[in-house]
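Written below as structure tokens is the structure these notes are about.
The values are calculated or read from the model by the stated rules, or taken from the named source; none is laboratory data. Note that the structure is a prediction, hence the values are computed from the model and not measured. Please note: Cβ atoms are built from the backbone with ideal geometry, for glycine as well, and neighbour counts cover all protein chains shown. Areas reflect the complete protein model, heavy atoms only, side chains present, ligands, DNA and RNA absent. Shrake-Rupley method; radii C 1.70, N 1.55, O 1.52, S 1.80 Å.
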Amino acid sequence: MATCSRPLFVSDSASSASPSRASLRRLHTVAVVSIWEPLPRPPVRAVAWRFSRTKQCSRRSTECLASGASVSRLTRPIRRMLSRYSSLMITLHGNLSRCYKAMSALRPDGASRHFMSAGFGRVVLGVVLVMSISAASYTAPSYAAIKKMLSTLDDPFTRFLEPEKLKSLRSGTQGALTGVGLSISYPMAINGSPSGVAVMTATPGGPAEKAGILPGDIILAIDDRSTEDMDIYDAAERLQGPEGSPVDLSIRSGTNTRHVVLKRQTVTLNPVRSRMCEIPGSKDSSKIGYIKLTTFNQNAAESVKEAIKTLRDNNVKSFVLDLRNNSGGLFPEGIQIAKIWMDKGVIVYICDSQGVRDIYEADGADTIAASEPLVVLVNKGTASASEILAGALKDNKRAVVYGEPTYGKGKIQSVFGLSDGSGLAVTVARYETPAHTDIDKVGVIPDRPLPASFPTDEDGFCSCLRDSTAACNLNAAQLFARS
């Protein structure tokens, strides 16, 4: 079997400097995924801890812990905790194994793969040590120390989440979020480093969309605090808050700058909107089912199935799946939705830190719409799980893809919690499309462009297909043709 085109992370000999703002410009905040494939359980053995230049001690031994001058000053609870460190590691491994079992159902063979690099393993052990020392000495966890350890991985997607950030992030994948309804990224640099925070998508019906904030707009300030050097996750946290509370944004749209005061609200993330478009004079595709998929939350796959069944009840014979401005979400939902449209074929190749490949495939078990003509719409706001889905449908020649190159996020993160309610978002893999295309920072390239004035809502879509004189018109009879 061929190997992946490149490993997930650079080798330990590579530079470990903290990532620059320029290297973070492709980062976005909404691609929350849940794939976790831990190493097979290793044999229990002593791990050496060096407390001096000449002596090593087993983690099970306390004899030489007490002999070092620096260690002798540790409090008794910390020494007691260190003496039981092996059991802590076994407990940690058990927790990760349970997380993996929950995901193994997605794998046809149920097999596990290695993904953790040695560097990442050391960082995880260090995080647990910091948390354990904090617990043993009855003090708050040293979040700054954890963030410092994670920064050595030189991976902007791997990050520490304080309890409130983890809670907010998880709520966004469960169907609702209190905020202004924006997903954001760093803007692409034109001259030098990027400045500000870019809008990727505005949730339909949310406060930002109602205020006219559009994808591509730049947020220059949040509550009078400049975003020029603001961390992307800090910006996301500032946009969220109690329902009904105001937030003042300075927005640049093209060359114009304006101030907008929005009231935060609980935004229901209904992942699917659909409608039937009837095209006069078109024989084979007189009724087209339009499905707008806005996010990959835990309801996405079932919502797509329901939309297909409803449209079929109206004698729809072909479908358009709109992934424009869908910035991603849960990886398993992306896989399940691909299986809805495909009866066979590779969906995605997963590459880990050792270059090992996992293969997610459709086997026909979950397929309900594998034969009808299908068009997929994408744009620069199509990211992460959306790109996995678009790439799978394109490379398997299941759909004709229209639009512009997608965002280009080819990495997958896992989110798991720590004992105090905080958590870690960790890059665990990267992926390639079925044609072995690495789309990271490049995106999925569509088969055909869309007219520049093509609308993003379902009503506008139908109007453009019906009106042959409109600038946005697409010939419905040729919409699904490949040549």
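Checked against a 26 Å cut-off, the cross-linked pairs LYS292/LYS317; LYS165/LYS309; LYS317/LYS411; LYS263/LYS309; LYS287/LYS309 give Cα-Cα distances beyond that limit for LYS165/LYS309; LYS317/LYS411; LYS263/LYS309. For segment 353-402, trypsin sites (Lys or Arg not before Pro) are listed when DSSP marks them as loop and at most 16 other Cβ atoms sit within 10 Å of their Cβ; the list is LYS397.
A cut-off of 5 Å between modelled amide H atoms, ignoring neighbours fewer than 5 places along the same chain, links SER274 with LYS292.
Since only LEU220, THR266, ALA198 are under comparison, the one whose Cα sits farthest along the positive direction of the charge dipole of segment 177-266, derived from C-beta charges on Lys, Arg, Asp and Glu, is THR266. Rolling a 1.4 Å probe across the protein heavy atoms gives segment 272-480 an accessible surface of 35 Å² per residue. With θ taken as phi - 60° and the Karplus curve 6.51 cos²θ - 1.76 cosθ + 1.60 applied, the whole-hertz 3J(HN,Hα) list for segment 433-441 is 6, x, 8, 6, 8, 8, 8, 4, 6 Hz, x standing for glycine and proline.
With θ taken as phi - 60° and the Karplus curve 6.51 cos²θ - 1.76 cosθ + 1.60 applied, the whole-hertz 3J(HN,Hα) list for segment 386-401 is 4, 6, 4, 5, 4, x, 5, 5, 6, 5, 8, 6, 7, 9, 9, 9 Hz, x standing for glycine and proline. Between VAL320 and GLY289, TYR290, ILE291, VAL375, the built amide H atoms are under 5 Å apart, and every one of these is 5 or more places off in sequence or on another chain.
Both radii are taken from the alpha-carbon atoms of segment 272-480; with Rh as the Kirkwood radius, Rg/Rh is 0.99. Ignoring lysines fewer than eight residues from LYS409 along the same chain, the ones with Cα atoms less than 19 angstrom from its Cα are LYS380, LYS394, LYS441. Relative contact order for segment 272-480 using alpha-carbon pairs under 8 Å, separation at least 6, rounded to a whole percent? Reported relative contact order: 19 percent. Residues whose amide H falls under 5 Å from that of ALA429, counting only those 5 or more places apart or on a different chain, are ILE412, with hydrogens built in the peptide plane.
In terms of the mean number of neighbouring beta-carbon atoms within 10 Å, the peptides 372-379, 315-322, 272-279, 463-470 order highest first as 372-379, 315-322, 272-279, 463-470.
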